[in-house]
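The values are calculated or read from the model by the stated rules, or taken from the named source; none is laboratory data. Keep in mind it's a predicted model, so treat the numbers as computed, not measured. Because the Cβ atoms are built from the backbone with ideal geometry, glycine has one as well, and the counts that use them run over all protein chains shown.
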There are 2 protein chains.
Amino acid sequence: MKNKLTIVKVGGFIFEDEYKLDSFLSNFSKISGDKILVHGGGKIASNFSKKLGIIPLVLEGRRVTDKETLDVVVMTYAGLLNKKLVSKLQKLSCNAIGLSGADANLIRAKKRSIENVNYGYVGDITHVEKNILQKMISSDLCPVICSLTHDGNGQILNTNADTIAAELSVALADLYDVSLKYCSEMPGVLEKLGNYDSLIKTINSTSYKKLKQKNIISDGMIPKLENCFHALKNGVDKVFVGSIDILNSEEKSTQLKI
Amino acid sequence: MKNKLTIVKVGGFIFEDEYKLDSFLSNFSKISGDKILVHGGGKIASNFSKKLGIIPLVLEGRRVTDKETLDVVVMTYAGLLNKKLVSKLQKLSCNAIGLSGADANLIRAKKRSIENVNYGYVGDITHVEKNILQKMISSDLCPVICSLTHDGNGQILNTNADTIAAELSVALADLYDVSLKYCSEMPGVLEKLGNYDSLIKTINSTSYKKLKQKNIISDGMIPKLENCFHALKNGVDKVFVGSIDILNSEEKSTQLKI
């Protein structure tokens, strides 16, 4: 029987409220069994960019990561935010170890090729070094992984945190029974915008198509759910999308099923 | 017989010249046997502080780390510089893993108590978790450690990189034959300021006292050499102070002896 592993991805919103962050980390530290935390931090990076006089460039709804922006992203994700999470988890007796994809060659990526748009230093994952993660986990360490990868040729790359969480889950699915939990500001997928009582408890491939047609699932929720289905189709046991409350109870969330 | 372990500390100057950095890392990656890299980055952090409008406060020759400065220091050391070193070492087939003292509870410290001066978020080391370092090293990982520690209570602390290198060396001295190499902009201790031919090849406790009396050793060199003697007195095998050339040849450096 495989060990249970919970992979939690939390969005950058969590850093905007210290009380909420502490409460989230307290619940995270109480998850029984092995666990990994994946985080982004786009909003905080944007704030620092502005302070440094770097104007964020967004093309077709996606951020362009030029050299200067990448530096800010690395400073924010791997520095400020990752070490905040790690030191706070240490306080909670969770032996956290902060990592980027470059550390221990954990996550390799390929710089996205220029087709219509040059997104700059953005990476698409090519390989996850699952054995080193397993070694860490079996040493009772809790990996806290920020949304950066590397190309193996000296270049750090900015990579979507949802995608990192999905690819880690897939890579580790033959070693563990993986539950993947996406925590965002929303309680899951809502039938009616803003109406929390209209939470959709389960979405499968068929209902997903219908919900997209009806425009109930749109914009940023599409790539997130694509990541969910990718994980499920590649051996991940359970996938949930919800608010930070899903760490307490999976009831208040949307569970994805194939 | 114990394995050989080389601990190299390099100052922030190395980040000011990309060519020099690459050459240093190439030589570092070629060190045979187990190795650890410790780095600071004060100058780069100061530059970012200025860009963000934070005025560095220096009291009695030492930097005061207030909350805002600490954030910049964490971003610079654990983010920008640490990940630059790690990704470049990965390119050189050196399986680097970037760490702060908070990661894996590696280096605990106590916030310096306020006596005459409040230095802010500065930590004095109380414990090094040597077993986890040994596990990493025996997994063929190369720890790259930035000059940050934590208090175990959720607080990251700024800690002198020379001191971190010395304390790591001392902690690991009963597991390895440790050589500690301090790389700075100077080729070692010079008898005559600016005259590289006047390099002092060896300094022991007796000659150290005399050189201090003659003011040949002064200012920042004093705490550095105090760290060296602390390491030697506590089991570290060899200690050298020199330029980055000591990675090639120990000839062009000052060796400390008890």
Original post:
Of the numbered conditions (1) touching a helix residue (DSSP H, G or I) at 6+ places or on another chain (Cβ under 9 Å); (2) at pLDDT below 95, B:A161 satisfies every one except a single condition; which is it?
Top reply: (2)
**OP:** Tell me which of these A:L59 doesn't satisfy, since it passes every other one: (1) modelled with pLDDT of 90 or more; (2) farther than 30 Å from B:L85 by Cα.
**Re:** (1)
Original post:
Restricting the stretch A:70-120 to residues that are of a type in the set (S, T, N, Q) and over 18 Å from the mean Cα position of the chain (by Cα), which is nearest to A:S169 (Cα to Cα)?
Top reply: A:N105
Original post:
From the set of residues in the stretch A:114-132 that are out of contact with any helix residue (DSSP H, G or I) (no Cβ under 6 Å at 6 or more places or on another chain) and within 12 Å of another protein chain (Cβ to nearest Cβ), which is surrounded by the fewest Cβ atoms within 10 Å (Cβ to Cβ)?
Top reply: A:N131
**OP:** Please indicate, with yes or no, whether at least one residue in the stretch B:133-143 is within 14 Å of another protein chain (Cβ to nearest Cβ), within 15 Å of B:D34 (Cα to Cα) and small (G, A, S).
**Re:** yes
**OP:** Only residues that are buried (at least 16 other Cβ atoms within 10 Å of the Cβ) and over 16 Å from A:C146 (Cα atoms): list them for the stretch A:29-45, please.
**Re:** A:S29, A:I31, A:D34
Subject >> Where B:N47 falls short, out of the listed (1) at pLDDT 95 or above; (2) of a type outside the set (A, V, I, L, M); (3) under 23 Å from B:M75 (Cβ atoms) >> reply: (1)
**OP:** Tell me which residues, restricted to the stretch A:82-113, are within 9 Å of chain B (Cβ to nearest Cβ), within 16 Å of A:I164 (Cβ to Cβ), assigned to a helix (DSSP H, G or I) and not charged (D, E, K, R).
**Re:** A:N82, A:A104, A:N105
**OP:** Give the residue, chosen from A:S184, A:S198, that is touching a Leu at 6+ places or on another chain (Cβ under 9 Å) and more than 23 Å from A:T126 (Cα to Cα).
**Re:** A:S198
Original post:
within 15 Å of the chain's Cα centre (by Cα), part of a loop (DSSP other than H, G, I, E, B) and not β-branched (V, I, T): does that describe B:E251?
Top reply: no
Original post:
Looking at A:N160, is it away from chain B (no Cβ under 11 Å) and either touching a residue at least 60 places away in the same chain (Cβ under 8 Å) or crowded, with 24+ Cβ neighbours inside 10 Å (or both)?
Top reply: yes
Original post:
Being within 14 Å of chain A (Cβ to nearest Cβ), crowded, with 23+ Cβ neighbours inside 10 Å, among the β-branched types (V, I, T) and in contact (Cβ under 8 Å) with a residue 60 or more places away in the chain, is that true of even one residue in the stretch B:175-188?
Top reply: no
**OP:** Assess whether A:L193 counts as being free of Cβ contacts under 8 Å to residues at least 24 places away in the same chain and under 30 Å from A:T254 (Cα atoms).
**Re:** yes
**OP:** Can you give me the ranges of the helices (runs of 4 or more DSSP H) entirely in the stretch B:142-235 with at least 2 residues that are closer than 30 Å to B:I132 by Cβ and among the basic types (K, R)?
**Re:** B:221-233
